[in-house]
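Remarks on the structure that follows.
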Amino acid sequence: MAKDFYIFRHGETELNRRRRWQGSGTDYDLTEDGVSQAEELSAKLAGKGIEVIYSSPLLRARHTAEIAARMLKVPVKTEADLRECFYGEAEGRPIAELQKEMPEIVNNWSRPGGDLRFPGGESRQEALERVLAVLRRLEGESFRTAGVAVHGGTMAAMLNHFGYKFDKIPNCAVFRLHFENGEGTVEGNLF
């Protein structure tokens, strides 16, 4: 059955603010600005027909999902495989430092092509496959439209996979993914 997913990134965290690499090995909650971003996101999602929100188990995504769910009056369901990529040695480190030490990985992480991985971490492709498996499974559920709370790395991997061109994925960015027969198309722009 065809589904529409509104896939959104979590609100700002302290590590986002401090420009540090944040993966599934770091679990920070939202800042006050992050909470405000999640509230603004909720207003944008109103009227989209969202029936349920699926969320990464990481606190920043879960909190964003809970804020949206409260405003939309829908349930939140946690999906472990929606978590962010595990970045190994890059977890929690300053982005500027990583750009000096591992420029090839940092500068190409959000671009299509190649199967990048930080030392000791999960590859971009492994994270993508996890998330796509969740979407394929959810295709069999009874809802028509759902929200999906994820992270910048997994969102970039999905956008690249579905051929969508982008420069940057800000906190609480959202895109609509039409998903049918295990395949998806990005419809519209990030908003």
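The values are calculated or read from the model by the stated rules, or taken from the named source; none is laboratory data. Note that the structure is predicted; figures quoted are calculated from it, not measured. Backbone-built Cβ (ideal geometry, glycine too); neighbour counts: all protein chains shown.
Quick one: count up the residues across segment 1-57 that are basic (Lys, Arg) and within 18 Å of residue 72 (Cα to Cα).
So in segment 1-57, the residues basic (Lys, Arg) come out as 3, 9, 17-20, 44, 48.
Applying the additional criterion that residues be within 18 Å of residue 72 (Cα to Cα) yields 9, 44, 48.
Count: 3.
Flag: residue 153 matches the condition of being touching a residue at least 24 places away in the same chain (Cβ under 8 Å) and either out of contact with any strand residue (DSSP E or B) (no Cβ under 7 Å at 6 or more places or on another chain) or farther than 16 Å from residue 8 by Cβ (or both). Within the set 190, 116, 82, the sole residue that is within 13 Å of the chain's Cα centre (by Cα), of a type in the set (A, V, I, L, M, F, W, C) and modelled with pLDDT under 90 turns out to be 190. Restricting segment 114-126 to residues that are of a type in the set (Gly, Ala, Ser) and without any contact (Cβ under 8 Å) to a residue 40 or more places away in the chain leaves a set whose member that is surrounded by the most Cβ atoms within 10 Å (Cβ to Cβ) is 123. If the condition is being surrounded by fewer than 24 Cβ atoms within 10 Å (Cβ to Cβ), assigned to a loop (DSSP other than H, G, I, E, B) and on the phi < 0 side of the Ramachandran plot, then segment 145-171 contributes 162, 164, 165, 166, 167, 168, 169, 170, 171.
Looking only at segment 170-191, residues that are in contact (Cβ under 8 Å) with a residue 40 or more places away in the chain and in contact with a Leu (Cβ under 7 Å, 6 or more places away or on another chain) come to 6 in all.
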